[in-house]
Every structure is written in structure tokens, then in C-alpha cells.
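Sending over a structure as C-alpha cells; questions will come in a sec.
Read the figures in this text as sums done on the coordinates, not as results from a lab. Note that this is a predicted model, so its numbers are computed, not measured. In this analysis, Cβ positions are derived from the backbone assuming ideal geometry, glycine residues included, and neighbour counts consider all displayed protein chains.
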Amino acid sequence: MMTLGGAPMKPRFPHLAPIRTLYQQYTSAYTAVSKTEKNLKGPIITHFSESQLGLEVIRAFSAESYHFKMLLDRIDDFSRFHYATRYINRWFMFRCDLLGPLFFTTLNIISLSLAPGAMAVILTANNQLAPNTYWTIKYVEELKRDFDSVERVRGLLNVPQERLGYRPSRLRGVVSITFEGVYIKHQSNLPDAIKNMSFVIHAGEKVAIVGRTGAGKSTLISSILGAVLPHEGSIRYEP
């Protein structure tokens, strides 16, 4: 019951109570399920596209069955919520179709007090009650669902920024680059990308960095350029 200034306030349109109740029941279920469905669709597309880009690596390690099973598991998770969303829509459409007979029965009960012309107008408008109710609520929920992307962007704006790497000054006449017990990780909660790395590169040498995917080759080059910093050990540029 709504209140205004401490006094109870009755709804102005009590005849809309069935529609209001139906709307509340539908939105409480549809909003949560459709949002989860939309969130589960992205990983499927990402997994498929990344598997195509890394197909050579997947075949090199004979991991086809593993990645295919992972794709099927993600499709299964998405399908559960996809079908749940469709069932909720069918549930809602069926009850919207019941609104017409409900109002028609109510009008038959009170028809003795209505003029024939008014009764004809009401019955004509009643034919459009169910589809108009369904599509109005449906479009409102779809609009709310489309704003989920805006909500995710808002969440990304509040993500704490990582520590910026320092920009070293221009080096002239560097004789060697020395790594001593270097440990580097991309985030504090992730394992080390480079562990206990020690070596010396002298000026004029040609050095090849080789390794499997994820071995830390790019991280090593980034650390030489100063884009990432070690959390343990030292990197020295000897003049």
C-alpha cells in the first residue's frame, strides 16, 4: 500500500492490478535470466575466434578434444539460460492472452449497467489488450537489457589502474644489459611470468629469444624496454 504524508493511499487504477502483478512477476524472472544469458554468449564467441587464431598451436599440442569440450561446455551453459528465457516469454504470453477473457467475463457481469454502444467500444478495444500489453512490457525489458552493456562499461571505468611503467631516459653508449634474479608478474594475484632470470647481453651481440607460447618472451622484451618492472631482482644498463 502506498502512503502519502503518513496516510494510506489507494491505487488510482485498481482495474490494472492484474497487469501490474503480471509485470512484476515477469520482470523479476526475465531480467536476471536474460542478463545471465547475454553474459554467457560472449565467452562462446571469444573462444571460437581465439581457437581459430591459435589453431596451429592447438594442433601442435594435440589439444583439439580439450578445446572442443570446453566449447561444448560453454554452449551448454548458454543453452540452459537461453531456453529458460524462451520459457519465461511463453509463460508471459499465455497469461497475457488470458487477460482478454478475464476482462470480457468481468464486462459480462457488469454489462447490465452499460449502454450497448459503450459495451461495443470496450469489446473492440479488448481485442488489442493482450498483444499491446505483451509487446509494451517486452520492449521495456529489451531496452533494460540493452543497457547492460552501459552498466558493464561503467564497471570498467571503476577498475583500479595498474602501476605505470617508468619511461627511461635515452641511453647512449650502453655496453651491456644485465639481468640478476629478475621476477616479473603482470598482476599481483597471478603467478610469475618470468622467474629468476639472470643473463648478460653485450653490445653488438645478436641474441635470439625462443620458447613455447606463454613462456614469457614478450614479457622479457617489455622488461628490457622498461614497459614492465620486476618485483624482485634488478635490470642494469651498463655504460
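To make sure I understand the rule: partners must be lysines, Cα under 28 Å from the Cα of Lys195, and not fewer than 8 residues away in the same chain. Which ones qualify?
Answer for Lys195, where 28 Å is the Cα cut-off: Lys185, Lys206, Lys217, listed by chain and number.
Another one. If you plug each phi of the range 134-145 into the Karplus form 6.51 cos²θ - 1.76 cosθ + 1.60 with θ = phi - 60°, what whole-Hz ³J(HN,Hα) values come out, in order, with x for Gly and Pro?
My calculation for the range 134-145 gives 4, 6, 5, 5, 4, 5, 5, 5, 5, 5, 5, 5 Hz in order.
Right, here's the next one. With r defined as the distance between the Cβ atoms of Thr21 and Arg212 and R0 fixed at 35 Å, what FRET efficiency is calculated, to the nearest 0.05?
0.05
Between Val150 and Ala120, how high is the FRET efficiency from 1/(1 + (r/R0)^6) when r is the Cβ-Cβ distance and R₀ = 45 Å? Nearest 0.05.
0.45
Separate question: Between Ala227 and Asp97, what length in nm is gained on full extension when 0.36 nm per residue of separation is reduced by their alpha carbon distance?
40.5 nm
Subtract the Cα-Cα distance of Asn196 and Glu142 from 0.36 nm times their separation in residues, and report this length gain in nm to one decimal.
Computed gain between Asn196 and Glu142 is 14.2 nm.
Starting from the amide H of Ile194, placed 1.01 Å from N in the peptide plane, find each other amide H under 5 Å away whose residue is 5 or more places distant or on another chain.
HN-HN under 5 Å from Ile194: Ile184.
Which lysines, if any, have their Cα less than 23 Å from the Cα of Lys144, not counting same-chain residues under 8 positions apart?
Lys35, Lys38, Lys41
Right, here's the next one. What FRET efficiency would be calculated for the residue pair Ser176, Arg59, taking the C-beta separation as r and a Förster radius of 45 Å, to the nearest 0.05?
Computed FRET efficiency for Ser176 and Arg59: 0.65.
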